[in-house]
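What follows is a short report on a single structure.
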């Protein structure tokens, strides 16, 4: 029984971390691409930034950046809520008397 519960817990954690790593990767890659394609780190990039940030690919990267950020925040909230539920829920054995 305990072995099955541990296996189920690891299975759930594996599924959740796949999603978390996906959004972390999307967030990281969009930040890198946006800096390279839309906001060059030079004086010329500063001058052209006003025009480049309105191009379709830069708008798409902005959307991905914001969406990935929001999803990461929501995952931390869900994780925190899950941890608090586990910590604050009464133990399943409390309140039960031993049969000895």
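Just so it is clear, none of the values below were taken in a lab; they were calculated from the coordinates. Not measured: the values here are computed from a predicted model. We place every Cβ from the backbone using ideal geometry, glycine too, and count neighbours over all the protein chains shown.
Details
- Based on Cα contacts under 8 Å between residues 6+ apart, the stretch 8-89 shows a relative contact order of 34 percent.
- Separation of alpha-carbon centers, the stretch 1-58 and the stretch 72-90, rounded to whole Å: 23 Å
- Relative to the longest principal axis of the Cα atoms of the chain, the long axis of helix 2-37 makes an angle of roughly 10 degrees.
- Computed from the C-beta positions of residue 44 and residue 21, the FRET efficiency with R₀ = 35 Å rounds to 0.45.
- Per-residue ellipticity at 222 nm, computed for the chain from helices alone with -39500 (n - 2.57) per DSSP H run of at least four residues, works out to -28000 deg cm²/dmol.
- Given the alternatives (i) -0.51, -0.80, -0.87, -1.11; (ii) -0.62, -0.83, -0.88, -1.08; (iii) -0.36, -0.63, -0.71, -1.05, log10 I(q)/I(0) by the Debye sum over Cα atoms at q = 0.12, 0.16, 0.17, 0.21 Å⁻¹ as computed for this entry is given by (ii).
- Comparing 49, 24, 75 in a Gaussian network model of the chain where C-alpha atoms under 10 Å apart are linked, the largest mean-square fluctuation is found at 49.
- Residue order, fewest to most surrounding Cβ atoms within 10 angstrom, among 26, 16: 16, 26
- Residue order, fewest to most surrounding Cβ atoms within 10 angstrom, among 68, 89: 89, 68
- Take the Cα of residue 69, step 7 Å toward its Cβ, do the same at residue 37, and the gap between the two points is 1.8 nm.
- Highest mobility in the GNM of the chain, judged by mean-square fluctuation with C-alpha springs under 10 Å and restricted to 61, 87, 37, is found for 87.
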